[in-house]
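Each remark here refers to the structure printed beneath this line.
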Amino acid sequence: MKLGSLKEGGRDGTLIVVSRDLRHGVRATGIAATLQQALEDWSHIAPRLNALYESLNAGDADGVFDLDPQALAAPMPRAYEFVDGSAYLPHVERVRRARGAEVPESFYTDPLMYQATSAGFYGPRDAVKVVSEDYGIDLEAEIVVITDDVPMAATPEQAAGHIQLVGLVNDVSLRNLIPGELAKGFGFLQSKPRSALSPVFVTPDELGAAWQDSKVHLPLLTHINGQWFGAPEAGVDMQFNFAQLVAHAAKTRPLGAGTIVGSGTIANEDTSKGASCFAEQRVVETLRDGKPSTPFMSFGDVVRIEMLDAAGNSIFGAIEQRIEQAAKP
């Protein structure tokens, strides 16, 4: 099934069930007011939501409306936790090679992960607000999974059973702020502002054969200002699958229902597939030409991130956002 949230009903939006073709929706408030509420009692609420989904697709549901992407909030306008991995090692390897550093052996056996911003997510058509272009504005096209309650020390095999939804994220990064923050040895903060989520999250069964081994085996397509930027294969070169990432996050603490776990920037060893972030593109240029030639994003640029199924149908809907200057308070 496919689930989203409308920009109504408070900070957490109003839960809706969305048709498979992404054309129609119906409010699910008689079942759960918000997606967070649904995830907290998923085993009981999911079957009822799925029944409404089947009714919607069959044309039998009441209260159906045409879906307007502009009216959509992020499926989870805020979350208790968002942890983001870096599971695609070609990206890690290239970035480190460009600055003359080797990849530590532990990176191949222990996932990289950081605590990301979760207090608020942009909706799929909301502008990305940044104070200055000097910050080095970048996108990161990624896949996320959303869990129900995950017990502490869950194994990857156990963690796989707690993955209830899948979606996309534009994990906005401010590249020129990252070096100074990492040099302090205490991780990201100012360099990682709000991210944007896809119009809908879907249950893994909606992906069909593309969901295997807790990975999504489809390309993730990115356009910048209407021009193709990249379509790397999400199921290729992923060192750690989502079950492993969830288990890593839960090693020393339980994960609350509604936890979002990101894949990190999708990247393939085959650079002909393009890139999912400007940093990746600039590294490829540096390794090839000795210096980068592609600038980071400017105000007015438009990002579009989408994943299509084998028949060319959009699965999650598109994240499409303009980069805009934020007004100072």
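The values are calculated or read from the model by the stated rules, or taken from the named source; none is laboratory data. All figures in this text were calculated on a predicted structure; none of them were measured in a lab. As a convention, Cβ positions derive from the backbone with ideal geometry for all residues, glycine included, and neighbour counts pool all protein chains shown. All accessible areas refer to the heavy atoms of the entire protein, side chains included, with ligands and DNA or RNA removed. Shrake-Rupley method; radii C 1.70, N 1.55, O 1.52, S 1.80 Å.
Looking at segment 75-173, which GluC sites (Glu not before Pro) are DSSP coil and have at most 10 other C-beta atoms within 10 Å of their C-beta?
The qualifying sites are E102.
Given a 1.4 angstrom probe, I'd like the percentage of the accessible area of segment 76-325 that is carbon and sulfur, rounded to a whole number.
50 percent
Residue separation times 0.36 nm, minus the C-alpha to C-alpha distance between K251 and L308: what's the value?
Extra length available between K251 and L308 comes to 17.2 nm.
Determine the distance separating the Cα centre of segment 274-327 from the Cα centre of segment 128-148; give it in Å without decimals.
10 Å
Relative to the longest principal Cα axis of the chain, at what angle does helix 89-98 sit, 0 to 90 degrees, rounded to 10?
Roughly 30 degrees, rounded to the nearest 10.
Rolling a 1.4 Å sphere over the protein heavy atoms, what is the accessible area per residue of the chain, to the nearest Å²?
43 Å²
Report the label-to-label distance for K129 and D289 in nanometres (one decimal), using points 7 Å from each Cα along the Cα→Cβ vector.
3.5 nm
Let me know the shape class of segment 174-329, please: from the alpha-carbon gyration tensor, a ≥ b ≥ c as square roots of the eigenvalues, rounded when a/c is under 1.5, otherwise prolate if a/b is greater than b/c, or oblate.
Rounded, because the longest to shortest axis ratio a/c is under 1.5.
Of the listed values (i) 15.5; (ii) 19.5; (iii) 16.6, identify the label whose number matches mean projected area of the Cα convex hull in nm² calculated from this model.
(iii)
Report the gain in length on full extension from Y80 to D60: 0.36 nm times residue separation, minus Cα-Cα distance, nm rounded to one decimal.
Answer, rounded to one decimal: 3.7 nm.
As I understand it, the value is the acute angle between the Cα axis of helix 42-58 and the longest principal axis of the Cα atoms of the chain; what does it come to in degrees, rounded to 10?
80 degrees
Based on the Cβ-Cβ distance of D41 and A153, what FRET efficiency does E = 1/(1 + (r/R0)^6) give at R0 = 22 Å, to the nearest 0.05?
For R0 = 22 Å, the calculated efficiency reads 0.40.
Where in the chain lies the longest segment free of trypsin sites (Lys or Arg not before Pro) that are both loop residues by DSSP (not H, G, I, E, B) and have at most 10 other Cβ atoms within 10 Å?
That gives 100-183 as the longest site-free run.
Over the chain, what is the mean sequence separation of C-alpha contacts under 8 Å (at least six apart), divided by residue count, expressed as relative contact order in percent?
It comes to 22 percent, rounded to a whole number.
Going 7 Å from the Cα of R23 in the Cα-to-Cβ direction, what parts of segment 58-79 have a backbone nitrogen less than 14 Å from that spot?
58-60, 65-68
Compute the long axis of helix 278-289 from its Cα atoms, compare it with the longest principal axis of the Cα atoms of the chain, and write down the angle in degrees, 0 to 90, nearest 10.
30 degrees
What order, most packed first, do the peptides 216-224, 110-118 have when packing is the mean number of other Cβ atoms within 10 Å of each residue?
Going by the mean number of other Cβ atoms within 10 Å, highest first, we get 216-224, 110-118.
Lysines near K291 by alpha-carbon distance under 28 Å, same-chain residues fewer than 8 away left out - which ones?
K184, K192, K273
Take the Cα of N225, step 7 Å along the line toward its Cβ, and report every residue of segment 290-322 whose backbone nitrogen sits under 19 Å from that point.
Inside the label zone: 292-305, 320-322.
Calculate, in nm to one decimal, what A327 and F186 gain on full extension: separation in residues at 0.36 nm each, minus their alpha carbon distance.
Fully extending the segment from A327 to F186 adds 47.9 nm.
Pick from Q227, Q281, Q36: which residue has the top mean-square fluctuation in a GNM of the chain where Cα pairs under 10 Å get a spring?
Greatest mean-square fluctuation among the candidates belongs to Q227.
Using a simple spin-label model with points 7 Å from Cα along the Cα→Cβ vector, what separation in nm is obtained for F299 and E269?
4.4 nm
In segment 175-213, whose amide N lies under 12 Å from the spot 7 Å out along Cα-to-Cβ of N50? List them in ranges.
Under cut-off, by backbone N: 203-206.
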